[in-house]
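Remarks on the structure that follows.
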Amino acid sequence: SAVGVMLNLGPSNYPFNETYATLIPALLMGNCVVMKIPNTGGLAHFLTMEAYAECFPVGVVNFVSGRGRDTMPPIMATGLVDIFAFIGSSKAADSLVKQ
């Protein structure tokens, strides 16, 4: 069953596999998703961004671009993130979760 809002920080080195391995199941379970597109390789998601826009209601799949240090603190500060999908160091993840 749905949990709520998932924040998905996809890595640039495996932009599809690691990102969609968590994003697709979250959508199938009825959650909304905010996906932070990597600065490098972000255009690789362009076609799927268009497909999501055509297939889902507005607000179900959302995309954010920019530096993680600039974009993530305001999102985490809302307190609305229920699921956090992240590939990276535990230090970086702990820093985001504390916000």
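As a proxy for reagent exposure, T48, T40 were ordered by neighbouring Cβ count within 10 angstrom, fewest first; the result is T40, T48. Cα centroids of the stretch 59-77 and the stretch 19-39: 13 Å apart. Exposure proxy shown here: for D94, D82, the number of other Cβ atoms within 10 Å sets the order, fewest to most, as D94, D82.
Could you list S95, S1, S90 so that the one with the fewest beta carbons within 10 Å of its beta carbon is first and the one with the most is last?
On the way: S95 14, S1 5, S90 8.
Listing S95, S1, S90 from fewest to most nearby Cβ atoms yields S1, S90, S95.
In the stretch 17-66, the inverse of the mean reciprocal separation of distinct Cα atoms equals 11.3 Å; this is its Kirkwood hydrodynamic radius.
What number comes out for the charge environment of L96, summing +1 per Lys or Arg and -1 per Asp or Glu over other residues with Cβ under 11 Å away?
On the way: positive: K36, R69, K91, K98; negative: D94.
Summing Lys and Arg as +1 and Asp and Glu as -1 gives +3.
Name the residue from T48, S65, S95 whose Cα lies farthest towards the positive end of the charge dipole of the chain, charges +1 on Cβ of Lys and Arg and -1 on Cβ of Asp and Glu. Most positive-ward Cα: S95.
Tally Lys and Arg at +1 and Asp and Glu at -1 over the other residues with C-beta under 15 Å from the C-beta of G41: what net charge comes out? Mind showing how you got there, number by number?
Values: positive: K36, R67; negative: E18.
Within the 15 Å Cβ shell, the charges total +1.
Given R0 = 22 Å, the distance between the Cβ atoms of M49 and K98 translates into a calculated FRET efficiency of 0.15.
Which shape class applies to the chain: rounded if a/c is under 1.5, otherwise prolate when a/b exceeds b/c and oblate if not, where a ≥ b ≥ c are the square roots of the Cα gyration tensor eigenvalues?
On the way: a/c = 1.58, a/b = 1.17, b/c = 1.35.
Oblate is the answer for the chain, as a/c is 1.5 or above yet b/c matches or exceeds a/b.
No lab work stands behind these numbers, since they all come straight from the coordinates. Treat the numbers as computed from the prediction; the structure is a model and nothing was measured. As a convention, Cβ positions derive from the backbone with ideal geometry for all residues, glycine included, and neighbour counts pool all protein chains shown.
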